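K.L.:
Here's a structure for you.
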Amino acid sequence: MSGELLNQIASDLASHGLILRGGFSFAADEEGLAGPSGAPARSVFLVGNAGAGYWRHFSLWRETQPVNLPNPLDTWSRLVIGEVADRVGAGLIMPNDRPFQPFQQWAIRAEGLAPSPLGLLMHPVYGLWHAYRGALLLDRELAFPSLEKLIHPCDLCDGKPCLNACPVEAFSPGGFDYAGCVSHVRGRTGYACRSAGCLARNACPIGAEWRYPAAVQAFHQAAFAGL
Ligand code: SF4
Ligand code: SF4
């Protein structure tokens, strides 16, 4: 894939508030997903967002859709990333496609990130305010630049405030208490988590300028908690 084509993909994604998030070639002995030709894909590019730049584009599109459209953000993401995939002859795979693909492991390989204590990947610039929304699969191997070793801010974080901010202590060495979290978000005392996002995620000081606005966080919380 030429640099020119990469620039074209990046520019197409930017028109939807999305970004290319790196990629990698699968190892020769890796069992690959089917690429656009039907043969195992040989490389993958991740697509996502840093900050909530996608929100304006998504919101404009949503105004044209039925109010009760299920999974609107996934639907929009599939639509716009799929258009980009079609333009460059790539296959498309989405995080919620079955069987689930290891998007977080792919992201670690593509960008060299490491998980935060909350489980979300920590980015040294964007903090916890980024996401992976899809991936483009290609039939050929590509030469990706080797990754620089990134600083992992969690290693240097004094006091780890994210771990002390959850009112139901959903994060523990035993793992994430999904049921306890959802029950709180849906419940009488969960207004703060419902209306402005996860208190633990918001307690992290890294990448504050990329933080999603409260309305965006409320949208994601409603989807997460099935509200
Ligand atoms: S508060 Fe500290 S430990 Fe927690 S996610 Fe942010 S940088 Fe990492
Ligand atoms: S959404 Fe609220 S209850 Fe759930 S983990 Fe975050 S702070 Fe805890």
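The values are calculated or read from the model by the stated rules, or taken from the named source; none is laboratory data. This one's a predicted model, so the numbers in the text were calculated from it and none came from an experiment. Backbone-built Cβ (ideal geometry, glycine too); neighbour counts: all protein chains shown.
K.L.:
Say we look at region 103-159 and pick out the residues that are in contact with a strand residue (DSSP E or B) (Cβ under 8 Å, 6 or more places away or on another chain) and among the polar types (S, T, N, Q); which of these is surrounded by the most Cβ atoms within 10 Å (Cβ to Cβ)?
P.N.:
Restricting to residues being in contact with a strand residue (DSSP E or B) (Cβ under 8 Å, 6 or more places away or on another chain) and among the polar types (S, T, N, Q), the top hit is Ser116.
K.L.:
Here's something else I'd like to know. On the basis of being surrounded by 16 or more Cβ atoms within 10 Å (Cβ to Cβ), modelled with pLDDT of 95 or more, assigned to a loop (DSSP other than H, G, I, E, B) and not acidic (Asp, Glu), does Cys166 make the cut?
P.N.:
yes
K.L.:
Ok, one more. Among the candidates Trp61, Trp55, which residue alone is among the aromatic types (Phe, Trp, Tyr) and more than 19 Å from the chain's Cα centre (by Cα)?
P.N.:
Trp61
K.L.:
Next question. Go through Gly174, Gly159 for me and flag whichever is away from ligand 1 (no atom under 14 Å from the Cβ) and over 19 Å from the mean Cα position of the chain (by Cα).
P.N.:
Going through Gly174, Gly159 in turn, the sole match is Gly174.
K.L.:
Identify the single condition in (1) surrounded by 14 or more Cβ atoms within 10 Å (Cβ to Cβ); (2) over 20 Å from the mean Cα position of the chain (by Cα); (3) within 16 Å of ligand 1 (Cβ to nearest atom) that Val185 does not satisfy, given that it satisfies every other one.
P.N.:
(3)
K.L.:
Then there's this: Of Ala90, Ala10, Ala41, Ala50, which residue is free of Cβ contacts under 8 Å to residues at least 40 places away in the same chain and either buried (at least 20 other Cβ atoms within 10 Å of the Cβ) or within 24 Å of Ser146 (Cα to Cα) (or both)?
P.N.:
Exactly one residue qualifies, and that residue is Ala10.
K.L.:
Let me confirm something: among Phe171, Phe176, Phe144, Phe103, which residue is in contact with a Ser or Thr (Cβ under 9 Å, 6 or more places away or on another chain) and either closer than 26 Å to Ser25 by Cβ or of a type outside the set (D, E, K, R) (or both)?
P.N.:
Step by step, each of Phe171, Phe176, Phe144, Phe103 is checked, and only Phe144 is in contact with a Ser or Thr (Cβ under 9 Å, 6 or more places away or on another chain) and either closer than 26 Å to Ser25 by Cβ or of a type outside the set (D, E, K, R) (or both).
K.L.:
Would it be correct to say that Arg109 is closer than 30 Å to His152 by Cα and in a helix (DSSP H, G or I)?
P.N.:
When the stated conditions are applied, Arg109 passes them.
K.L.:
While we're here: From the residues in region 188-209 that are in a helix (DSSP H, G or I) and more than 7 Å from ligand 2 (Cβ to nearest atom), which one is surrounded by the most Cβ atoms within 10 Å (Cβ to Cβ)?
P.N.:
Out of the qualifying residues, it is Asn202.
K.L.:
With (1) touching an Asp or Glu at 6+ places or on another chain (Cβ under 8 Å); (2) more than 23 Å from Val47 (Cα to Cα); (3) within 16 Å of ligand 1 (Cβ to nearest atom) as the list, and Val168 as the residue in question, which single condition is left unmet?
P.N.:
Only one criterion in (1) touching an Asp or Glu at 6+ places or on another chain (Cβ under 8 Å); (2) more than 23 Å from Val47 (Cα to Cα); (3) within 16 Å of ligand 1 (Cβ to nearest atom) is unmet by Val168, namely (3).
K.L.:
Moving on. Of Pro99, Pro117, which residue is assigned by TED's automatic domain parsing to the domain that holds Glu30, within 11 Å of ligand 1 (Cβ to nearest atom) and assigned to a loop (DSSP other than H, G, I, E, B)?
P.N.:
Pro117
K.L.:
Let me ask something else about it. Looking for whichever is touching a helix residue (DSSP H, G or I) at 6+ places or on another chain (Cβ under 7 Å) and assigned by TED's automatic domain parsing to the domain that holds His123 here; the options are Gly35, Gly53, Gly22, Gly48. Which one fits?
P.N.:
Among Gly35, Gly53, Gly22, Gly48, only Gly22 is touching a helix residue (DSSP H, G or I) at 6+ places or on another chain (Cβ under 7 Å) and assigned by TED's automatic domain parsing to the domain that holds His123.
K.L.:
Checking the condition away from ligand 2 (no atom under 13 Å from the Cβ) and touching a helix residue (DSSP H, G or I) at 6+ places or on another chain (Cβ under 8 Å), which residue from Leu121, Leu128 passes?
P.N.:
Leu121
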